[in-house]
Amino acid sequence: MQRRVNIWSSIDWLTVAIYLVLVFLGWINIYAAVYNEDHYSIFDFSQRYGKQLIWIAAALLIAVIIFVIDINFYSYFAYLAYGLMILLLIAVLIFGKEVHGAKSWFEIGRFRIQPAEFAKIATALVLARYLSSYNVQINTLKSYLRVAAIILIPSLLILLQNDTGSALVYFVFILVLYREGISESILLLGLFVVILFVLALVLEKLIIILLSIAIVFIIFWFLNRRLKNVGIGVGILFLTSVVLYGVNEVLSMGLSYYYIILAALGISGLVYIVLAIRYKIKNIALLLVFLIGSVLLTYSVDHVFNNFLEPHQQKRINVVLGLESDPYGVEYNVNQSKIAIGSGGLYGKGFLRGTQTKFDFVPEQSTDFIFCTIGEEWGFIGTFFVVSLFVFFLYRLIGIAERQRSPFSRIYGYGVVSVLFFHIVINIGMTIGLVPVIGIPLPFFSYGGSSLWAFTILLFIFLRLDASRLELLK
Amino acid sequence: MDSFANRRHIFRVIIILIGLVYIVKLFVIQVVDSTYKVTASNNVLRYVTQFPARGLIYDREGKLLVYNEAAYDLMVVPRQLEPFDTTEFCQILDISKEYVNEALRRAKEFSVYNSSIFLKQVSSKTYANLQEKLYKYPGFFVQSRTLRKYSLENGAHLLGYVGEVNNKIIESDKYYKSGDYIGVSGIEQSYEEYLRGQKGVNVYLVDVHNRIQGSYANGRLDRKAKVGSNIISTIDSDLQAYGEKLMRNKIGSIVAIEPSTGEILALVSSPTYNPELLVGRIRTKNYVTLMSDTLKPLFNRALMAQYPPGSTFKVINALIGLQEKTLFPYTKYECAGAYYSRGLRVGCHFHRSPLNLIESIQMSCNTYYCNVFRSILDNKKYPSIRESFDQWREYIMSFGFGEYLNSDFDNELKGLVPTKQTYDRIYGENGWRSLTLISMAIGQGELGTTPLQMANMTAAIANRGYYYTPHVVKEIEGDYKLEERFFEKNYTKIDSNYFEIVIEGMALAVNGEPGSGSTARSAQIPEITVCGKTGTAENPHGKDHSIFIAFAPKNDPKIAIAVYIENGGFGSTWAAPTAKLMIEEYLNDSISVPWWEEYVLNAEINYNAETSKHME
């Protein structure tokens, strides 16, 4: 049951306007970042701002084409597009060109295309297609596995290209799953793992195990609501700990507190299970699994950190966590970036007047660190405006997603919101030192054809779906 | 149906919260916190590398050998350039306009924003002139460097020289940046890590008029340069200078070692060159000249030239025979002017016959050692020659031959001691016998040894059975210690009691009565017992090389020495008197018979003075 509506009149022009403003701001800031007197014409196509103008023109053309294509095309061909992207991601591993250590570019003549940027679109489409199928129940093991496969396959392939930043983007699709009703406990578990990972790097193992025990007893109290049971549990653990401590001292085995507590936990765990079965207290098993899991996790963190992360990645994480200071390496970039933004003051130094961003102090200032130029030349006024604009933009997109009648459009919309959200938060966050340096572009701002086109396609497919929302009867 | 629609609020809350956090953080950085402010509106940071002075090098007596002289590199940042008066600029620096254009083009090509060297090593005088007028030339600034200076003209090979780093080094070692200096050979190379110190950096604020406004951020980003450590070498500079003087107009080398420590007292490679030639702007030109010289003055013969050891090797074969009990002090062999066996003839010179062990060393009898060598290889103790040869080789290797000595020079060669596989390849696995290898009995044939290895062998004999790894550095100032290996005794596989009789022979070779047949009487020094052995290395390309090894005094050896004089003929002719003069100079600081000094100094052996004028 469809009805025809003139799509040109039902386009969300406000969003399109914001898009145009963002792209325009991006372009003049690239001009400012690369500007020098030898090439002052903003239409100089040998320079980045000149090239960006070409990319923008092409992006607008792509946007128009997207609107001309029938709406059903996007859901019908989602799987095909996804499969094609996977093939391209594999192909780039073989035929790709390495730039800055990441083998993620196809080089065609003078142009370079990064398939990872476009793979996000296909993933969002497939996710929407799969989750909107009639017979899919999200909270089943089968769906978990399939969704995990949809998200992780491109992510892993991109990781193999050595482009960790772009690979991480895929985890943001968890937000889409959240909106579509994935169990909160799964998300909490994920959140917990992340927090534990960070804590394990910062704190001693002993403190973490004590914290976990405290949390488990608090949760137990919430679930059980009987102070007496909690008291008995703590009592048992305390007693076994004291006894083991005594044994350790007497036999002078020289075990550290951590292992004493661990052993005590093992013994009391068995007691708990017996008691739980006897008095039919629920959830004990779950809590024990939680405890064991956190112990294992803290153990594996060091291993993962030392063996799976590259030294520069370890450094970035350590710098953000304040465990390491490296003012000439990783911290240098962030420091220079902060100096550039900070030197802008309230009103900024004025268009083309920035010095910090112009003298190569800030690396990658036209791509990943474009926000520095905004901060330096337009000051807090400028950054406030840009951040607010992004917030409003995302807020607006959520509104649009929510007004969709078809689940496919809504889910895809949330995919768009999540991807943009991740890029914006990480990119701006790293320039002001709030998150580790992860090289991903600022949507619509950063120099580069691939990213601009990919974000344009991502956004305009959504606007195209939105424009036809009224054709679909509820 | 859509029961999770409420979750959209969570999204909105998260987005707004993060937006607020970011705005607050931006407000703090941009408005509240002043540490990120750069005060003057158009200030630019300039990173000026602080090059530490390179460590000095002293000789064993504390005499300064190598020090530094200030020089200045004129740097340019193309982005900061403004039109300037080229005529005056060229006048101050004494350069042409073409040079200015070319250098600026190169600098721009390297980087528009980063500094690169415009003119290297400007003298202090020019610098003083330039400094006053530098305000007229925005974009230019001066970076101070140090250049090496030498107090003596000697020791070029062992001191080594300093050169600019090449791309390969820059890529493999993060410490070095384009234009940095690095030790390329000798001590400068081996002890680069200690000598170079640690570069520092000063970050300055610079205004539009190219004037430094002061330190940036109160010097928080600055890093102090650490001066390089001084090095005290084991060289006796007087002895080194004397050695180089004696070797003038000759090709060859002298290595002198203190046996009780393994410290290298002198290391002469001739022809040599004045180390000043490879410093500063003249280096490239001079380097090319030295490289194209047919006598190869840059080639360090003391470490890298391989010659057969000649008759000096008889000493080692005697020791092996004694250890293997195939030779005894009383063993006598007849010699009728040559060694004959199965149609093979090894010639000998005229002397009385038969000889015992001591006499065989004294008179250097070839026949005697052909017999000794065969008795070692044909020893019935071993099932076949392949095993006995292996054993023989082990002994040889234990004197430091055929393997790197691991001195602190990076470019020593390991020489050549053939293996049984070498002979298997030539003659087939069962195709060779002791007679096949007979030339090695008298140190000819497939053997290759460097002068350093020969001096080390002499030290091992002087010590009666062990040596310390030869080294050229005595002490590194600061909290550094020399590597432990330089203080460990390396034992040869010969028991120390066997050395005495061989040393007796070496003493007699030098100190025998006239007419007694002693081969090295030209190495005699009054009142000091020199123990020595002559050698003559067969040379397929021309006249034989003259070799002499010696140590003295006999009972408390203070110096062990090896002398090689290419195309010098018999060891006793040139090498022995040269060694004698060196020993006398070192032990007595004076020469007892000046005639010998003149004799050596005036000798010009196969040496074309025309080609090597630049060495004077």
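The values are calculated or read from the model by the stated rules, or taken from the named source; none is laboratory data. Just so it is clear, the model here is predicted, and its values are computed rather than measured. No Cβ is skipped: glycine too gets one built from the backbone with ideal geometry, and neighbour counts run over all protein chains shown.
Figures for the structure shown
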{"item": "Odd one out for residue A:330 among (1) modelled with pLDDT under 75; (2) more than 14 Å from chain B (Cβ to nearest Cβ); (3) surrounded by 13 or more Cβ atoms within 10 Å (Cβ to Cβ); (4) over 22 Å from residue B:222 (Cβ atoms)", "result": "(4)"}
{"item": "Which listed residue, of B:597, B:566, B:585, is closer than 20 Å to residue B:263 by Cβ and of a type in the set (D, E, K, R)", "result": "B:585"}
{"item": "Residue identified as crowded, with 24+ Cβ neighbours inside 10 Å, over 21 Å from residue B:439 (Cβ atoms) and assigned by TED's automatic domain parsing to the domain that holds residue B:500 among B:580, B:558, B:533, B:554", "result": "B:580"}
{"item": "Test for residue A:392: is it aromatic (Phe, Trp, Tyr), under 15 Å from the mean Cα position of the chain (by Cα), more than 8 Å from chain B (Cβ to nearest Cβ) and assigned to a helix (DSSP H, G or I)", "result": "no"}
{"item": "Within the range B:201-249, tally of residues that are hydrophobic (A, V, I, L, M, F, W, C), modelled with pLDDT of 90 or more and assigned to a loop (DSSP other than H, G, I, E, B)", "result": "2"}
{"item": "Yes/no for residue B:591 being without any contact (Cβ under 8 Å) to a residue 12 or more places away in the chain and among the hydrophobic types (A, V, I, L, M, F, W, C)", "result": "yes"}
{"item": "Candidate set from the range A:405-435 (those that are within 23 Å of residue A:72 (Cα to Cα) and surrounded by fewer than 20 Cβ atoms within 10 Å (Cβ to Cβ)); member that is nearest to the chain's Cα centre (by Cα)", "result": "A:407"}
{"item": "Segments classed as strands (runs of 3 or more DSSP E), wholly inside the range B:7-126, with at least 1 members that are facing chain A (nearest Cβ under 10 Å)", "result": "B:44-50"}
{"item": "Yes/no for residue A:153 being more than 30 Å from residue A:97 (Cα to Cα) and not small (Gly, Ala, Ser)", "result": "no"}
{"item": "Identity of the residue in the range A:355-375, more than 26 Å from the chain's Cα centre (by Cα) and within 10 Å of chain B (Cβ to nearest Cβ), that ends up modelled with the lowest pLDDT", "result": "A:359"}
{"item": "Residues (under 15 Å from residue B:410 (Cβ atoms), of a type in the set (A, V, I, L, M, F, W, C) and not in a loop (DSSP other than H, G, I, E, B)) located in the range B:145-200", "result": "B:158, B:159, B:162, B:169, B:182, B:187, B:195"}
{"item": "Enumeration of residues in the range A:127-180 that are of a type in the set (Phe, Trp, Tyr) and within 18 Å of residue A:191 (Cα to Cα)", "result": "A:144, A:170, A:171, A:173, A:178"}
{"item": "Filter result for residue A:103 (of a type in the set (Lys, Arg), over 30 Å from residue A:8 (Cβ atoms) and either in contact with a helix residue (DSSP H, G or I) (Cβ under 9 Å, 6 or more places away or on another chain) or modelled with pLDDT under 90 (or both))", "result": "yes"}
{"item": "Hey, residue A:174 out of contact with any Lys or Arg (no Cβ under 6 Å at 6 or more places or on another chain) and within 14 Å of chain B (Cβ to nearest Cβ) or not", "result": "yes"}
{"item": "Among (1) at pLDDT 90 or above; (2) more than 10 Å from chain B (Cβ to nearest Cβ); (3) within 30 Å of residue A:108 (Cβ to Cβ), the one test that residue A:424 misses", "result": "(2)"}
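Residue-by-condition table, conditions (1) surrounded by 14 or more Cβ atoms within 10 Å (Cβ to Cβ); (2) within 14 Å of chain B (Cβ to nearest Cβ); (3) free of Cβ contacts under 8 Å to residues at least 12 places away in the same chain; (4) among the β-branched types (Val, Ile, Thr):
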residue	(1), (2), (3), (4)
A:181	yes, yes, no, no
A:205	yes, no, no, no
A:214	no, no, yes, no
A:219	yes, no, no, yes
A:229	yes, no, no, no
A:235	no, no, yes, no
A:250	no, no, yes, yes
A:262	yes, no, no, no
